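A.B. asks: Provided herewith is a single structure, encoded as structure tokens, for subsequent inquiry.
The values are calculated or read from the model by the stated rules, or taken from the named source; none is laboratory data. Everything numeric here is computed off the predicted structure, so don't read it as measured data. Here Cβ is always computed from backbone atoms with ideal geometry, including for glycine, and neighbour counts include all displayed protein chains.
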Amino acid sequence: MNKVETIIVKTFNASSGLRAAEEKVIVAALKDLAKSIQDNADLILRANKKDLARQNPGDPKLDRLMLNKKRIDDIAAAIRQISTLEDPTGKILEKKVMKNGLRLEKISVPLGLVAAIYESRPNVTFDIAALCLRSRNGCVLKGSSEAENTNKAALAIIKKVLKENNLPAECINLLPSERKTVQEIFTATKYIDVIIPRGSDELIKFVRKNSLVPVIETGAGVCHVYVERHANLDKAIDIVVNAKVSRPSVCNAMDTVIIDKKIESEFLGKLKTAFKNYEVEIFADKDAFKYLKGYPHLKKATVKDFAREFLSLKCAVKSVSDFDEALKHIQEYSTKHSEAIVSEDKEICERFLKEVDAATVYANASTRFTDGEEFGLGAEIGISTQKLHARGPFALEKLVTEKWLLRGDGQIRN
């Protein structure tokens, strides 16, 4: 048995201890973990500094990798919130007595052993560990080499808290960051119940294509904001700017602005001024380009630009003649993550909400709200863009499956 398989088997065996743990013990451990993260902030930041020092300063993924005091406080706050959420396991979903006297129940139970494969973001290590602990799932974590020092520091804190609360320390483990580790995960069908990839579209497609273990996708985001002809333009500017610049490296950031041709002259004039302050690079289609001339960071868009998840201070601009053309463009290029319309026409907004096929659809709000914590779900494993099992913020409530229990008194089937 090699090193990776040994860790997986240890985690599988230890995870059964979580199912038997008392509710108050798990809640106490989560509260202790939140406190310990803040108490050890300097240790975490020193480890993170080592990881940052090894990266290319111009890499857009740097923001995802970076931790600071505020982000550590946010991680701790999210874990405290998770501790207040109801245990999603052990719920009676259905109950009845059959004609032959068999008493039948359907209950919620943990998924079992969850494997997470993710890039750059060390906060994900804490988020997934806390969510799996609250839902009584074991987890093996395969982070990237970019965040190796931070992830190791995080795991040491997690394991110490588990031991102090008399919970099985091996129920959460960090796998080697080497690329070859994923091949072991893909074939561990005897032990791992589900793989959850979180990162680039390339990573997610690779996992989906190669894994023998079931996969729940947390998809890449090519997100649109459609400024419809009846939009309040000042409101639209605020929403578009927030969706693009507040944190451009995350999956719920806007990638393309769709603008109705009837208002594009006035709107794009305002957008030039707003985006110039942030040096946003714009890739504009032919029609929008003429209204953006003079903007210092302007390029002509190609078809490929409309399919890009930029993850940086870049965006595309697409001009449309009407609502139907906007919907057609979204249908063509959306990854079904987060889509938004800005309009004062309530009927048009309702059509957009009903007809756009995405995990989260907005009327008159920024796409940046697509987040488990913002939705009151606590931290999330990711944003699921698929339709089976979970869709949207993949949080605590979805880290369970179902189990049927039948209690009898000697019944046999005829």
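A.B. asks: Can you go through 109, 97 and tell me which one is surrounded by 15 or more Cβ atoms within 10 Å (Cβ to Cβ) and more than 21 Å from the chain's Cα centre (by Cα)? Outline the logic, then answer.
C.D. replies: Numbers: 97 fails: surrounded by 15 or more Cβ atoms within 10 Å (Cβ to Cβ).
Within the list 109, 97, the selection yields 109.
A.B. asks: Can you tell me how many residues in the range 160-175 are farther than 21 Å from residue 111 by Cα and either of a type in the set (Asp, Glu) or without any contact (Cβ under 8 Å) to a residue 40 or more places away in the chain (or both)? If you could, list the steps in order and put the result at the bottom.
C.D. replies: Step one: filter the range 160-175 for residues farther than 21 Å from residue 111 by Cα, giving 160-161, 163-166.
So of that shortlist, the ones also either of a type in the set (Asp, Glu) or without any contact (Cβ under 8 Å) to a residue 40 or more places away in the chain (or both) come out as 163-164.
So the count comes out to 2.
A.B. asks: Hey, among 25, 4, which residue is among the β-branched types (Val, Ile, Thr) and farther than 23 Å from residue 149 by Cβ?
C.D. replies: Details: 4 fails: farther than 23 Å from residue 149 by Cβ.
Matching residue, one of 25, 4: 25.
A.B. asks: Right, another one. Only one residue in 197, 214 is touching a residue at least 12 places away in the same chain (Cβ under 8 Å), crowded, with 22+ Cβ neighbours inside 10 Å and not charged (D, E, K, R), so which one is that? Quick ask: steps written out before the conclusion?
C.D. replies: Numbers: 214 fails: crowded, with 22+ Cβ neighbours inside 10 Å.
That would be 197, the only listed residue that is touching a residue at least 12 places away in the same chain (Cβ under 8 Å), crowded, with 22+ Cβ neighbours inside 10 Å and not charged (D, E, K, R).
A.B. asks: Given the options 258, 237, name the one that is in a strand (DSSP E or B), out of contact with any Pro (no Cβ under 8 Å at 6 or more places or on another chain) and at pLDDT 95 or above. Before the answer, list the steps.
C.D. replies: Details: 237 fails: in a strand (DSSP E or B).
Only one candidate qualifies: 258.
A.B. asks: Scan the range 371-391 and tell me whether some residue there is outside any loop (DSSP other than H, G, I, E, B), out of contact with any strand residue (DSSP E or B) (no Cβ under 7 Å at 6 or more places or on another chain) and either hydrophobic (A, V, I, L, M, F, W, C) or more than 27 Å from residue 74 (Cβ to Cβ) (or both).
C.D. replies: Filtering the range 371-391 for residues outside any loop (DSSP other than H, G, I, E, B) gives 382-384.
Those still in the list that are out of contact with any strand residue (DSSP E or B) (no Cβ under 7 Å at 6 or more places or on another chain) too: none.
No, the conditions are met nowhere in the range 371-391.
A.B. asks: Another question about this same structure. Taking the criterion of being polar (S, T, N, Q), over 19 Å from the mean Cα position of the chain (by Cα), at pLDDT 95 or above and assigned to a helix (DSSP H, G or I), would at least one residue in the range 162-172 satisfy it?
C.D. replies: The initial filter retains those residues of the range 162-172 that are polar (S, T, N, Q), namely 165-166.
Restricting the remaining residues to those that are over 19 Å from the mean Cα position of the chain (by Cα) gives 165-166.
Among the residues that remain, those that are also at pLDDT 95 or above are: 165-166.
Applying the additional criterion that residues be assigned to a helix (DSSP H, G or I) yields none.
Among the residues of the range 162-172, not one is polar (S, T, N, Q), over 19 Å from the mean Cα position of the chain (by Cα), at pLDDT 95 or above and assigned to a helix (DSSP H, G or I), which makes the answer no.
A.B. asks: Could you count how many residues in the range 59-108 are closer than 20 Å to residue 20 by Cα, assigned to a loop (DSSP other than H, G, I, E, B) and of a type in the set (A, V, I, L, M, F, W, C)?
C.D. replies: Selection size over the range 59-108: 1.
A.B. asks: Moving on to the next point. Among the residues of the range 80-91, are any at pLDDT 95 or above, touching an Asp or Glu at 6+ places or on another chain (Cβ under 7 Å) and not hydrophobic (A, V, I, L, M, F, W, C)?
C.D. replies: yes
This table checks each residue for (1) over 17 Å from residue 125 (Cβ atoms); (2) in a helix (DSSP H, G or I); (3) touching a Pro at 6+ places or on another chain (Cβ under 7 Å); (4) at pLDDT 95 or above.
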site	(1), (2), (3), (4)
7	no, yes, no, yes
13	yes, yes, no, yes
24	yes, yes, no, yes
57	yes, no, no, no
